[in-house]
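Read through the structure below, which is laid out as structure tokens, and then see the notes.
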Amino acid sequence: MTTAAETHRAIETVWKIEQARIIAGLARIVRDVGLAEELAQEALITALRHWPSEGIPRNPAAWLMVTGKRRAIDHFRRNKMLRRKHDELGYDAEIEQAAMPDFDTALDDDIGDDMLSLIFTACHPVLSAEARTALTLRMIGGLTTEEIARAFLTPEATVAQRIVRAKRTLSEANIPFEVPRGKDRGERLASVLAVLYLIFNEGYSATAGDDWIRPQLAQEAMRLGRILAGLMPDEPEVHGLIALMEIQASRFAARVGPSGEPVLLLDQNRARWDQLLIRRGLSALERAENPNGTYGAYGLQAAIAACHARARTAGETDWVRIAALYELLARLTPSPVVELNRAVALSMAFGPQAGLDLIDQLAGEPSLQGYHLLPGIRGDLLLKLDRPDEARVEFERAAGLTRNARERTILLERAASCA
């Protein structure tokens, strides 16, 4: 006999897996993601009340969806809007029937489109980057407000406000619950990919706190990316981002030492790299190529990551190709950060002075003034050029700028070694 505790665990498991699909299906009906989430939560509460005594339904996800739809009808009745909503949204007459609907067809064939619409809605450009990230993790990732706050080292109240305001903004702006077409799709897809990339990067290299990496956050971004790739299989840049995340994630086991200290790329034990993730990433990279044989921004970054993945040792890395790929990336998406990475590649391909020359050109760039990697990389190049006193100053400056405790320790140790 199933205990109440076992039933509750089963409900939690079903909810974690199906939450996004249920919210997406309800959002298609009510055209409001905030209301859809409330209705889904009401369905969950109903399950918690009934399933322990009545047993878990044969199709629990469909049960939750049907319950959510009934709550939607109740909501419109309460607001004296049912007749207008019937005409506007095209409810089927059988949904009104008191008899329990067919669970096998409750989750209809539109679910893929619903999920895609939910992703695009949660990442609408009308929202700030922070709001898009929080709403995406909440709606599609299924993370709680507390988990999102902990992941980004942000007060829980701040994250809660972002989510509430985001849902209100979408509702007040009357954002259509749909996958945009034409030019709008390209612009919105860029927003979706940017959010996933931001989430992954925060997991790959934490900007603040005591941990160097947060694998769970990166894995969540990868999971969302795979959903998107399954829904949009003909979009090269979606596969480019998947390839980039898979290859980068393959290094997680080697990026941290026994005490949690960072291990930089050239010092990593490549035998610890996850070969399955590398193969998956390389496979995705093949699908990231545009019809004209070129890559987009994510595809180029994945191609750079692939150069590292294919090298059996650090010494075998094709730095000349990496430098050329960074040059292409800089032309496609001009950015001081891309130029900073290109400087590293140039230093490895053609010597530290080549990299330092480019670094010095970036010294006055306003957007890099608080970026710890600029003095950190400059210090490394100065040390290679046998200029330890100058290098020490740069390492100390970098340590003062970083908000990550692990990284600060490494930089101060490097500064001390210059003496």
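Calculate how steeply helix 405-417 sits against the longest principal axis of the alpha-carbon atoms of the chain, using the helix alpha-carbon long axis, and give the answer as 0 to 90 degrees to the nearest 10.
0 degrees
Cα centroids of segment 49-80 and segment 343-378: how far apart, whole angstrom?
58 Å
Which residues make up the longest stretch of the chain clear of trypsin sites (Lys or Arg not before Pro) that lie in a DSSP loop with no more than 13 other Cβ atoms within 10 Å, not counting the sites?
182-311
Kirkwood Rh over alpha-carbon pairs of the chain, then Stokes-Einstein at 4 °C and 1.567 mPa s: what D in µm² s⁻¹, rounded to an integer?
For these conditions, the coefficient is 54 µm²/s.
Helix 373-384 versus the longest principal axis of the chain: what is the Cα-based angle in degrees, 0 to 90, to the nearest 10?
30 degrees
Report Rg (one decimal) and Dmax (nearest whole number) for segment 322-361, counting Cα atoms only, units Å.
9.1, 25
In sequence order, what are the phi-derived ³J(HN,Hα) couplings for segment 365-371 according to the Karplus relation 6.51 cos²θ - 1.76 cosθ + 1.60 with θ = phi - 60°, rounded to whole Hz, with x for glycine and proline?
Couplings: 5, x, 5, 9, 5, x, 8 Hz.
Convex hull volume of the Cα atoms in segment 233-312, per residue, in Å³?
85 Å³
Quick one: which residues, 5 or more positions from VAL256 or on another chain, have an amide H under 5 Å from its amide H? H modelled 1.01 Å from N in the peptide plane, none for Pro or chain starts.
VAL263
How far is helix 215-231 tilted, in degrees, relative to the longest principal axis of the Cα atoms in the chain, given as a value from 0 to 90 rounded to the nearest 10?
60 degrees
Kirkwood-based Rg over Rh for segment 128-264 (C-alpha set), two decimals?
So for segment 128-264, dividing Rg by the Kirkwood Rh gives 1.00.
Mean residue ellipticity at 222 nm from the helices of the chain, using -39,500 (n - 2.57) per DSSP H segment of n ≥ 4 over the full residue count, to the nearest 500 deg cm²/dmol?
Values: 20 runs with 286 residues, N = 419.
So the calculated ellipticity at 222 nm is -22000 deg cm²/dmol.
Where a number appears in this text, it was derived from the coordinates with a stated rule and is not lab data. Just so we're clear, the structure is a prediction, and the values are computed from it rather than from any experiment. Positions of Cβ are backbone-derived with ideal geometry, glycine not excepted, and every protein chain shown enters the neighbour counts.
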